[in-house]
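Q: I am attaching a structure below and will ask some questions about it afterwards.
Just so it is clear, none of the values below were taken in a lab; they were calculated from the coordinates. What you see is a predicted model; the values in this text were computed from it and never measured. Cβ coordinates were reconstructed from backbone atoms using ideal geometry, including for glycine residues, and neighbour counts include every protein chain displayed.
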Amino acid sequence: MMQGRRSRQALGRLGEDLAADFLRREGYELVTRNWRHRSGEIDIVARDGDCWAFVEVKTRRGHRVQNPEDGLTDQKARKLQQLALTYLAEHGLDNVSWRIDLVAIELDGQDRPVRMNLVPCAVVL
């Protein structure tokens, strides 16, 4: 069990590193990574121009039936909305535009990205 957990954590870190580089190439300004609150975590907080983007990263390895995009469930989306509102309040960011984006990453068996998909406004607010 611990081996599986470490493997998931390593996969998550790798995915977040790839997503951060990908977002920079797309013109995002990264503000922070792995912002934690007692109710959860936001993978990446960034700015896309004047808009704040709270980015969820979903990474899958190998050929699976489920796409990484499918990992953003309704329950996770609601949690991300609450976390984003908490972040904005704690940082005095009233009246700013914001959204929740998704970076979906598929890796091959050697952990090389075979597909990276940026979904702006992945959660309808």
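Q: Would you order PHE22, PHE54 from fewest to most other beta-carbon atoms within 10 Å of each residue's own beta-carbon?
A: PHE22, PHE54
Q: Determine, at each q value in 0.12, 0.14, 0.22 (inverse angstroms), the log₁₀ of I(q)/I(0) that the Debye formula gives when each Cα of the chain is one equal point scatterer.
A: Results for the chain at q = 0.12, 0.14, 0.22 Å⁻¹ read -0.44, -0.59, -1.38.
Q: What residues have an amide H closer than 5 Å to that of VAL31, excluding those fewer than 5 places away on the same chain, when H is modeled at 1.01 Å from N in the peptide plane?
A: Residues meeting the criterion, in which the H sits 1.01 Å from N, are VAL45, ALA46, ARG47.
Q: List the relative contact order of the chain as a percent without decimals, with contacts defined as Cα pairs under 8 Å and 6+ residues apart.
A: Relative contact order for the chain comes out at 21 percent.
Q: A further question follows. Test of understanding: ordering THR59, THR86 by Cβ neighbours within 10 Å, fewest first, what list do you get?
A: Final ranking by Cβ density, sparse to dense: THR86, THR59.
Q: How would you rank LYS58, LYS76, going from fewest to most other Cβ atoms within 10 Å of each one's own Cβ?
A: So the ranking, lowest neighbour count to highest, is LYS76, LYS58.
Q: Please pull out the direction-averaged projected area of the range 62-125, using the convex hull of its alpha-carbon atoms, in nm² to one decimal place.
A: So the mean shadow area of the Cα hull is 5.3 nm².
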